[in-house]
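Report on one structure; see the data block that follows.
The values are calculated or read from the model by the stated rules, or taken from the named source; none is laboratory data. Model, not experiment: these values are computed from the prediction. Neighbour counts are summed over all protein chains in view; Cβ atoms, including those assigned to glycine, are modelled from backbone coordinates with ideal geometry.
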Amino acid sequence: MKDYILPIFTFLVGVVPSVLLFFGVPNIISNYIKSRWDKKLDTLKADQEKELQKELEDIRYDNSLRISEIQHEFQTKYQQLEHEFSIKFETMKKEYDVLPVLYEKIVTAFEYYRFNYKGGKITNDILRYIADAKNYTTLNKFFISKNIFDKAKECEGAIFDYLSAKSSYKETSPLSKDHSEAKTKQLEITVDSLIDELEVMIQNKLDLSDRT
């Protein structure tokens, strides 16, 4: 029995590998293994490409959303600025119309009381000039800058004080009359000065509006 084992073993070790090599069996196995790896690599590559494509699509989608947001924000801001500019422009135009009339009404009231009112009882008819100026200033306060509005109100207050002082001219006491006239004269100088200041402020404002 032992005599058969050695030849068989020799055949298996020497001849069988030679036969396998002759028929290319190792190459077949190698190619098979390589084919399996190639398939796995192709599958992995396809999965990676799908994942990459999805990421790219997500990025494009996010970018499109952001672009839409930016466009919306820009449009909203543009419309807001356009609206604000329109309001500001209309306000400037209105102020340009209002300020000369405001000045005219204040000067008209003061000149009437200076040259036409001689003292005595203050009636509604007499008050209508200063009332007209005050009403005009109040109704148009939103079209007048604060410094000019404050100066106009200061002028109106000084004119009313002047009118009140002048109303006592017909008092019988000469001393009281002299005192009243002196006070009225001083108030007249004050009103003149305030109106001059108002005129300069209005002129500067109108000149600035022309330049803008």
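Picking from residues in the range 135-161 that are among the polar types (S, T, N, Q) and not in a helix (DSSP H, G or I), the one that is nearest to the chain's Cα centre (by Cα) is Ser145.
Cβ separations smaller than 6 Å between residues 6+ apart or across chains give the following pairs from the range 107-134 residues that are assigned to a loop (DSSP other than H, G, I, E, B) to residues that are loosely packed, with under 13 Cβ neighbours inside 10 Å: Gly119/Lys170; Gly120/Lys170.
The combined condition, being in a helix (DSSP H, G or I), at pLDDT 95 or above and farther than 20 Å from Thr108 by Cβ, is not fulfilled by Asn204.
Picking from residues in the range 162-193 that are at pLDDT below 95 and among the acidic types (Asp, Glu), the one that is nearest to Arg114 (Cα to Cα) is Glu181.
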